[in-house]
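First up is the structure itself, then whatever we jot down about it.
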Amino acid sequence: MPVHLRSKSAAKYIGLSDSTLAKMRMRGDGPPWSKAGPRIVVYDVRRIDEWLRARQRVSTSEYSQPAKPVTDDVKPKTPNKSTEITRTHTDRAMPTRHKGKAGTVPAASGPCVPDHPRAPGNKD
């Protein structure tokens, strides 16, 4: 009879956090799992052990990818519009701030309330 573990127990069995196991489930690189209900995820212990055995390593460099050789015939990437806009935007000078008395705010042309005495067009 297969033994099934819920997600938290399976994570503890493997030595991972429950959130890491959930992320691996989303990416598809974790151990095989099954749905036992709408919100119930279970793992077969035998399948977890097989998954772990398939990932056994003897050396840290055992399955590393070799570096790609650098060649002169590689064309440089042409910038796209978004990098040109970004570059143009970052090269512009930043506007200077108003240099008034400390703690004061420059007077505005008038409030947005039409009945106010200083509202544009009010002659009171």
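Read-outs: derived from the displayed coordinates by stated rules, not from any lab. Just so it is clear, the model here is predicted, and its values are computed rather than measured. Cβ sites come from the backbone with ideal geometry, for glycine too, and all protein chains shown count toward neighbours.
Taking +1 at the Cβ of each Lys and Arg and -1 at the Cβ of each Asp and Glu, which of 24, 38, 52 sits farthest along the dipole of the stretch 4-54 towards its positive end, judged by Cα position relative to the Cα centre?
38
Given charges of +1 on the Cβ of Lys and Arg and -1 on the Cβ of Asp and Glu, with all other atoms neutral, how large is the dipole of the stretch 4-54 about its Cα centre, in debye to the nearest 20? Spell out each step's value before the answer.
On the way: 11 positive and 5 negative charges, 36 e Å.
That gives the stretch 4-54 a dipole magnitude of about 180 debye.
Stokes-Einstein D for the stretch 4-54 at 37 °C, 0.692 mPa s, Kirkwood Rh over Cα pairs, in µm²/s? Don't jump to the answer; show the numbers that get you there.
Values: Rh = 10.7 Å.
Here the translational diffusion coefficient equals 306 µm²/s.
Give the order of 3, 42, 58 when sorted by the count of other beta carbons within 10 angstrom, beginning with the fewest. Walk me through the intermediate numbers first.
Working: 3 10, 42 17, 58 6.
With the sparsest Cβ surroundings first, the list reads 58, 3, 42.
Roughly what would the spin-label model give for residue 13 and residue 29, points 7 Å off Cα along C-beta, in nm?
With each label placed 7 Å out from Cα toward Cβ, I get 2.2 nm.
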